[in-house]
1. Out of (1) within 16 Å of ILE187 (Cα to Cα); (2) open to solvent by 70 Å² or more (accessible area, probe 1.4 Å), what's the single condition that is false for LYS317?
2. Kindly check whether there is at least one residue in segment 157-165 that is aliphatic (A, V, I, L, M), buried (at least 24 other Cβ atoms within 10 Å of the Cβ) and assigned to a strand (DSSP E or B).
3. Yes or no: ALA271 of a type in the set (A, V, I, L, M), open to solvent by less than 10 Å² (accessible area, probe 1.4 Å) and in a strand (DSSP E or B)?
4. What residue, among those in segment 99-117 that are over 19 Å from GLY325 (Cβ atoms) and out of contact with any His (no Cβ under 7 Å at 6 or more places or on another chain), is surrounded by the fewest Cβ atoms within 10 Å (Cβ to Cβ)?
5. Scan segment 320-347 for residues that are open to solvent by 40 Å² or more (accessible area, probe 1.4 Å) and of a type in the set (A, V, I, L, M, F, W, C) and jot them down.
6. Of all residues in segment 42-76, which are open to solvent by 70 Å² or more (accessible area, probe 1.4 Å) and of a type outside the set (Ser, Thr, Tyr)?
7. Among (1) touching a Pro at 6+ places or on another chain (Cβ under 9 Å); (2) crowded, with 20+ Cβ neighbours inside 10 Å; (3) part of a helix (DSSP H, G or I), which single condition is VAL240 missing?
8. Identify all residues within segment 50-71 that are out of contact with any Asp or Glu (no Cβ under 8 Å at 6 or more places or on another chain) and either farther than 21 Å from GLY275 by Cα or in a helix (DSSP H, G or I) (or both); write none if there are none.
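The values are calculated or read from the model by the stated rules, or taken from the named source; none is laboratory data. Note that the structure is a prediction, hence the values are computed from the model and not measured. In this analysis, Cβ positions are derived from the backbone assuming ideal geometry, glycine residues included, and neighbour counts consider all displayed protein chains. When the accessible area is computed, the model is the full protein with side chains, heavy atoms only, and any ligands, DNA or RNA have been set aside. Shrake-Rupley method; radii C 1.70, N 1.55, O 1.52, S 1.80 Å.
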Amino acid sequence: MRTTMFPRLTALAALPLAMAAAQVQAEEMAIATILPEDMSNNEVYPALIQFKNLVETRTDGEITVSIFGNSQLGSEVETASEVQGGRTLQSTIITTGAMSSFYDDYQLMTAPFIFDNWRQAWAFFDGEWFADFMSGTIDETNMRYLGTFDDGGGFVAFTNNERPIKTVEDLEGLNIRTEENPGHVAIMKSLGASATPLPWGEVITALETGLADGQFNAPVLNTTFNFDEVTDYTTLTGHVYNSAAWLVSEEWFQSLTEEQQQAIVTSAREAIAIGHGMSGALATASWVESCERFEECYIMPPEERARMAEIATPAWKEWIVNDFGIEEEKVDAFLAEVARVGEAVVENDMANYGQ
């Protein structure tokens, strides 16, 4: 009798350990992105690889991270909807248009000419004000904000078939393809151009057929998708700053231990820093390539950017307050913080290195 019971007792004794092991193995963090699983042509995937390494090391394997790139798990809206439940997908990275469909206030990021340089953008996105601003995603979307990537390098460049864009007058009469975003339409119209909102898949055909004279995107997209083959001129204006928000299921996040939550947050912040640097490098290299491939390239100087901003910003503000419905006080606070951060970056540089 004893010999027949020992195996059973041994199995029962081992059951809690087996259950614990199963629970550890089941704690997976799946992350979706529309970008390719490529270490060299985008900033998000390398950053996520570093995040994976950090989290799995810091949690001693209690959390395993899986990355699904190239829209494997669906569109940005589809993956974000899945993350809200947090059952099969725990995290996603979505760009401005998709983010605004879940969190209205993110439409503020369509503001024209908000940043003068990358360091101002990074200081703003990584600062306390923006973190507090994005904390609203928890209540409104059941998703927690982890950080902001610079989509394609952030700053955009025009490409067009008619003439180099060196002043605001050069935009007069041009028909510019925009995203299907009324904020971008308002900006183009204020600068004297007409706007043709089109989905991404129709852009090349529109340029080939003359439906649109030009478009704007980050330089890395302009070279990756060979816009030099359908347009002749490119101008780096940075009139729009493209960004992508990194979100995690709040329900899933709250199911973690405090130590695991800390591993997620601190690892995400390091991954975001890596993404910032890589996006800047990719955008710079792509701009150099643009100047080799387009018939003519031009970087708009600060004075003309400021002149265009004086025209575009009031028009955009009127749209976002009166048509989109964001309170004017919230818009003013947003613009004021952007300006404050820009001034602080310069002041701190001079205080630390200019004395």
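1. Unmet condition: (2).
2. The answer is yes, given that some residue of segment 157-165 is aliphatic (A, V, I, L, M), buried (at least 24 other Cβ atoms within 10 Å of the Cβ) and assigned to a strand (DSSP E or B).
3. no
4. ASN117
5. Scanning segment 320-347 gives PHE324, ALA333, LEU335, ALA336, ALA339, VAL346.
6. ASN53, ARG58, ASP60, GLU62, ASN70, GLN72, LEU73
7. (3)
8. LYS52, ASN53, VAL55, GLU56, THR57, ARG58, ASP60, GLY61
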